[in-house]
Amino acid sequence: MSDSTPRWYDDEAGPMVRLYAMTAGRARPSSEAFALMAVVQAESRPATGNPPALSPEQRAILALCGERPRPVAEIASDSGLPLGVVRVLLSDLLAAELICVNRPVPPAQLPATHLLKEVIDGLRAL
């Protein structure tokens, strides 16, 4: 087998692409916005300037997010890519202004349970 012949992982998988090849060697995203439950949506307006050349994986992620907003965990599951790779690819798409991200509200910033119960009780009293 020569060096130019692709090496097969197994008969069904085809040639194996190393994960770092998809992320240009990066292991961490450039943005911390991609928690598991952060919701990603494709931008409806075109990005400013010339659109960047996208990898097949980035195009697949954009297609998934274009259907409807999706959590990061669902994007990783539906794309078949590891979560770390998806986060790096999403950070590139965010930098290119092709997606927007809505982060979940941290539990510490949610209203207190007793306050919500008081509001419900007040509404019922009306």
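The values are calculated or read from the model by the stated rules, or taken from the named source; none is laboratory data. Predicted model, so just to flag it, every value in this text is computed and none were measured. A quick note on method: Cβ atoms are made from the backbone with ideal geometry, for glycine too, and the neighbour counts reach across all protein chains shown.
Is it the case that the stretch 14-36 has a residue that's surrounded by 15 or more Cβ atoms within 10 Å (Cβ to Cβ), of a type outside the set (G, A, S), modelled with pLDDT of 85 or more and not in a helix (DSSP H, G or I)? No, the stretch 14-36 contains no residue that is surrounded by 15 or more Cβ atoms within 10 Å (Cβ to Cβ), of a type outside the set (G, A, S), modelled with pLDDT of 85 or more and not in a helix (DSSP H, G or I). Remark: pairs (first residue in the stretch 64-91, more than 17 Å from A35 (Cβ to Cβ); second residue among the charged types (D, E, K, R) and in a helix (DSSP H, G or I); Cβ separation under 6 Å; 6+ apart in sequence or on different chains) = L64/D78.
Apart from one condition, G84 fits all of (1) surrounded by 12 or more Cβ atoms within 10 Å (Cβ to Cβ); (2) outside any helix (DSSP H, G or I); (3) at pLDDT below 85; (4) not β-branched (V, I, T); the exception is (2).
Candidates are the residues of the stretch 87-101 that are farther than 18 Å from P56 by Cβ and part of a helix (DSSP H, G or I); the one that is modelled with the highest pLDDT is L94.
Selection over the stretch 92-113 of residues that are touching a residue at least 60 places away in the same chain (Cβ under 8 Å) and β-branched (V, I, T) gives a count of 1.
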